[in-house]
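The block underneath contains the structure these notes are about, expressed in structure tokens.
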Amino acid sequence: MEIETIILVIALASGFYMAWSIGANDVANAMGTSVGSGALTVKQAVILAAFLEFAGAFFVGTHVSETIRKGIINPEIFTGHEMDLVFGMMGALLAAGMWLQIASYFGWPVSTTHSIVGAVLGFGVMYGGLAVADWAKVASIVSSWIVSPLLAGSIAFVLFSTIRRIIYYSDNPVGKAKQVTPYLVFFVFLVLTLTLVFKGLKNLKLNMEFPQAFAIAVVVGLIASLVSYFLVKRIRIVRVSERSLVRQPVTVSNQIAKALQHLEKASRKAFGETKVRIEHIKQNLADIEKEAEYGTTIERGSSEYNTVERIFVYLQILSAAFVAFAHGANDVANAVGPLAAVISLLKTGVVAMKSEVPLWVLGLGGVGIVIGLATWGWRVMLTIGKKITELTPTRGFCAEFSAAITIVVASKMGLPISTTHTLVGGVLGVGLARGIGALNLRVVGNIVISWIITIPAGALGAIFFYYVLKTIFG
């Protein structure tokens, strides 16, 4: 077997490994909230995400990829030393894939884009020096650590707080939910249609201007809203006996207030896990105090609570489906971009700024993503859906929808964005709406640390694999 054939086989394996790692880590983010809230089982989430991610990757995935992802280094430095670029791209795929696998094992949701960018940057700077990198682009990518979660978290906080006040604090939650749902459906379809146009379908090069895209999104939203109006009207509920006590006696509110004062004193003296648990109890008690004050006594097991949550189940699944499709279309390039560069270079011997991505390579990436999701995706799903904060369909919808809004806004404004950081920010925002005690700060801290480590981990790994491959084949 010729050396070039062996290198091609290793490159294909590296690309498939990277795609597998994307499925195990990044794809799980889109479905994590749905699993955590109980809207979908793990099996249902895997099947739905597998279909949508593969469809996005294969049918509308990028057919022309940048030779070096995001254009962060100049490929012209490899002219005359083309095989060094081949080894570098293979090393970047292996390094990014390995870091994503490690992160997935521990359940850390990290950015696949940052992983491959860090790997390419590390190899490029090692090879050509600091001057070969476009540091302005690197800075904009790093800034997404702050931009993505902050924007999504703020939207999720406001959205969940508003829904909770309008629906759950009303005397007739189901009636309010029926009134609000058509409006919510309109905005959901409006935003998600724009998400596809700006994020998921950009590779079709539709070149649709914003006024045209917005007009189409409005029409889709109005149609969906009208359909939902008639569907929601059919929802019936049998009132439950515990709703007969609308208001609690004043003495109950007074005693709760005293208990909160005692807990506040205990919290100031406590530390570690005990302090976190006390803060969680304080928040729950504060919620009960509000319910007593507003005259609502909704119980989790009540028919009304379940009916309202059932409405939001469908909205959450819809949001997750759109995000998964858009992710498959956009982020498959993290695996196939460097692979396409290697294939093109081995075939032509020329370093190009952009290279064609064969359809079978997109298929390889799509299959790798699906297998990664099916085998290890549950680990990150568990972190997103269960470990950061407790999720219900309403909370999960708010987190997922805020991520979709953030993707639209950032894509239109040209801001750097990370799907992973955006979704995590949405979950954090929903948790904060219930108080800091509703968040597992230890898990949040581990996630933030993993984000910071991602770029240097990819960089060091790529340098290591570059020298290994060059030693073997150079």
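The values are calculated or read from the model by the stated rules, or taken from the named source; none is laboratory data. No experiment lies behind these values; they were computed from the predicted model shown. A quick note on method: Cβ atoms are made from the backbone with ideal geometry, for glycine too, and the neighbour counts reach across all protein chains shown.
Data for the structure
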read-out: Residue within segment 206-220 that is over 24 Å from Ala57 (Cα atoms), buried (at least 19 other Cβ atoms within 10 Å of the Cβ) and modelled with pLDDT of 75 or more present; value: no
read-out: Condition met for Ser402 (crowded, with 24+ Cβ neighbours inside 10 Å, more than 22 Å from Gly458 (Cβ to Cβ), out of contact with any Lys or Arg (no Cβ under 7 Å at 6 or more places or on another chain) and among the polar types (S, T, N, Q)); value: yes
read-out: Count of residues meeting criterion [of a type in the set (A, V, I, L, M, F, W, C) and either surrounded by fewer than 24 Cβ atoms within 10 Å (Cβ to Cβ) or under 18 Å from Ile447 (Cα atoms) (or both)] in segment 30-49; value: 6
read-out: Every pair of residues 6+ apart whose Cβ atoms lie under 9 Å, when the first sits in segment 101-130 and is free of Cβ contacts under 8 Å to residues at least 12 places away in the same chain and of a type in the set (Lys, Arg) while the second is crowded, with 23+ Cβ neighbours inside 10 Å and part of a helix (DSSP H, G or I); value: none
read-out: Residue satisfying condition, being crowded, with 24+ Cβ neighbours inside 10 Å, assigned to a helix (DSSP H, G or I) and of a type in the set (Val, Ile, Thr), within set Ile371, Ile384; value: Ile384
read-out: Subset of segment 361-388 [among the hydroxyl-bearing types (Ser, Thr, Tyr) and more than 17 Å from Tyr17 (Cβ to Cβ)]; value: Thr383
read-out: Residue in segment 391-409 that is in contact with a helix residue (DSSP H, G or I) (Cβ under 8 Å, 6 or more places away or on another chain), among the charged types (D, E, K, R) and farther than 19 Å from Phe51 by Cβ present; value: yes
read-out: Qualifying residue in segment 156-163 (condition: of a type outside the set (Val, Ile, Thr) and at pLDDT below 90); value: no
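Matching residues to (1) among the aliphatic types (A, V, I, L, M); (2) at pLDDT 90 or above; (3) buried (at least 24 other Cβ atoms within 10 Å of the Cβ); (4) in a helix (DSSP H, G or I):
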| site | (1), (2), (3), (4) |
| --- | --- |
| Met1 | yes, no, no, no |
| Met18 | yes, yes, yes, yes |
| Ala28 | yes, no, yes, yes |
| Ala55 | yes, no, no, yes |
| Ser65 | no, no, yes, no |
| Gly80 | no, no, no, no |
| Phe87 | no, yes, yes, yes |
| Ala96 | yes, yes, yes, yes |
